[in-house]
1. Can you pull out every residue in the stretch 80-90 that is part of a loop (DSSP other than H, G, I, E, B) and either of a type in the set (Phe, Trp, Tyr) or without any contact (Cβ under 8 Å) to a residue 12 or more places away in the chain (or both)?
2. Could you please find all residues in the stretch 232-262 being under 18 Å from residue 200 (Cβ atoms), of a type in the set (Gly, Ala, Ser) and either open to solvent by 60 Å² or more (accessible area, probe 1.4 Å) or part of a helix (DSSP H, G or I) (or both)?
3. Restricted to the stretch 124-177, and to residues that are assigned to a helix (DSSP H, G or I) and acidic (Asp, Glu), which residue is farthest from residue 53 (Cα to Cα)?
4. Need a quick list: strands (runs of 3 or more DSSP E) entirely within the stretch 185-229 having at least 1 residues that are touching a Cys at 6+ places or on another chain (Cβ under 6 Å).
5. Report, by residue number, each residue of the stretch 125-182 that is on the phi > 0 side of the Ramachandran plot and of a type in the set (S, T, N, Q).
6. Count, please, the residues in the stretch 91-120 that happen to be of a type outside the set (Val, Ile, Thr) and assigned to a helix (DSSP H, G or I).
7. For residue 222, indicate whether it is open to solvent by less than 50 Å² (accessible area, probe 1.4 Å), under 20 Å from the mean Cα position of the chain (by Cα), under 16 Å from residue 52 (Cα atoms) and of a type in the set (Asp, Glu).
8. Go over the candidates 192, 275 one by one and state the one that is at pLDDT 80 or above and either open to solvent by 50 Å² or more (accessible area, probe 1.4 Å) or polar (S, T, N, Q) (or both).
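The values are calculated or read from the model by the stated rules, or taken from the named source; none is laboratory data. Nothing here was measured: the structure is a model prediction, and the numbers come from that model. In this analysis, Cβ positions are derived from the backbone assuming ideal geometry, glycine residues included, and neighbour counts consider all displayed protein chains. Quick note on the areas: whole protein, heavy atoms, side chains included, nothing else; ligands and nucleic acids left out. Shrake-Rupley method; radii C 1.70, N 1.55, O 1.52, S 1.80 Å.
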Amino acid sequence: MMNNSGEPAVRARGLRVVRGGRTVLDSLDFDLHHGQVTGLLGPSGCGKSTLMRAIAGTQARVSGTLDVLGSPAGTAPLRARVGYVTQAPSIYDDLSARQNLDYYASVLDPSLSRAERADQVARALAEVDLEDHAEQLTGNLSGGQRSRVSLAIALLGSPELLVLDEPTVGLDPVLRRDLWNLFHRLADERGTTLLVSSHVMDEAERCRRLLLMRAGRVLADDTPEELRRRTGSATVEDAFLRLVDAEKEAEKEAGRNAAKEPRNEKGTGAGNPGTPAARGDQPGNDPAPHRTPDAGGTAQ
């Protein structure tokens, strides 16, 4: 059953991922609302896939708060409620498309009868337009067809949240249009929440809301219309470029100001960030507490 409460489908506060000494996600705060198609857009390497893995519960070394459908991300109750499609198709090449779906349907819900599984599989194949290729070995399918098999697997069981990492890559314009129509139909008719990533900015116009990312941070969280309006841009791509340029200029200005500041050579007092006075570590001046992965409602 879809959740129609006032709580967001996904809630992130201070979400952070550090890998190999590099900050991949830098203290993200955002909400994803129920029954909405949200686009996750940004250049390659900005952290989109890492964020999606965190929401799906497969990303290690996540800190901060990340609640999904009312539970901490990655916990057991979410397994049948969240569908996740990776960039690389997670399918068995030596099975047909139908056999792949039948296998995953049995794993997702072992209580289903053979007839119930067959119904779910047939529906999912129809939704991604793979009925004519259902009996072919997936190893013999094209790249776009294999991606659609992965998407069909994610649709099994009518999940409440779909996390789709660049699901339209390699598809022709007609199939791309049909999949976007499917995404909106799932949101409008079933109340499904969808997070769809892309680095193709023209797909942003198909989303109800957008998260624009750059360098591990959320650059904007708004509707396409509002982004265009507040940046005075004709397209979301132009709006994104203006936001990036503004952020780069702010970073340069911060660097120039830092270079002008006098340095305290004695290493004492508030002018030196390495001292207790500057860090706020003096007795009675403890830093604000942070939620850890052990705290309730935090990322796993």
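1. 88
2. Residues of the stretch 232-262 that are under 18 Å from residue 200 (Cβ atoms), as a first pass: 233-241, 243-244.
Going one step further and asking which of them are of a type in the set (Gly, Ala, Ser), we end up with 233-234, 239.
Answer for the stretch 232-262, where residues must be under 18 Å from residue 200 (Cβ atoms), of a type in the set (Gly, Ala, Ser) and either open to solvent by 60 Å² or more (accessible area, probe 1.4 Å) or part of a helix (DSSP H, G or I) (or both): 234, 239.
3. Applying the first criterion (assigned to a helix (DSSP H, G or I)) to the stretch 124-177 yields 124-127, 131-133, 138-140, 143-155, 173-177.
Retained after the next criterion (residues that are acidic (Asp, Glu)): 127, 131-132.
On the way: 127: 24, 131: 29, 132: 32 Å.
This residue is 132.
4. On the way: elements: 193-198, 209-214, 217-222.
Of the strands (runs of 3 or more DSSP E) lying wholly inside the stretch 185-229, those with at least 1 residues that are touching a Cys at 6+ places or on another chain (Cβ under 6 Å) span 209-214.
5. Scanning the stretch 125-182 gives a single hit, 158.
6. Restricting attention to the stretch 91-120, the residues satisfying the condition of being of a type outside the set (Val, Ile, Thr) are 92-106, 108-120.
If we keep only those that are assigned to a helix (DSSP H, G or I) as well, we get 97-106, 108, 114-120.
Counting residues in the stretch 91-120 that are of a type outside the set (Val, Ile, Thr) and assigned to a helix (DSSP H, G or I) gives 18.
7. Judged against the criteria, residue 222 is not a match.
8. Unique residue meeting the criteria: 192.
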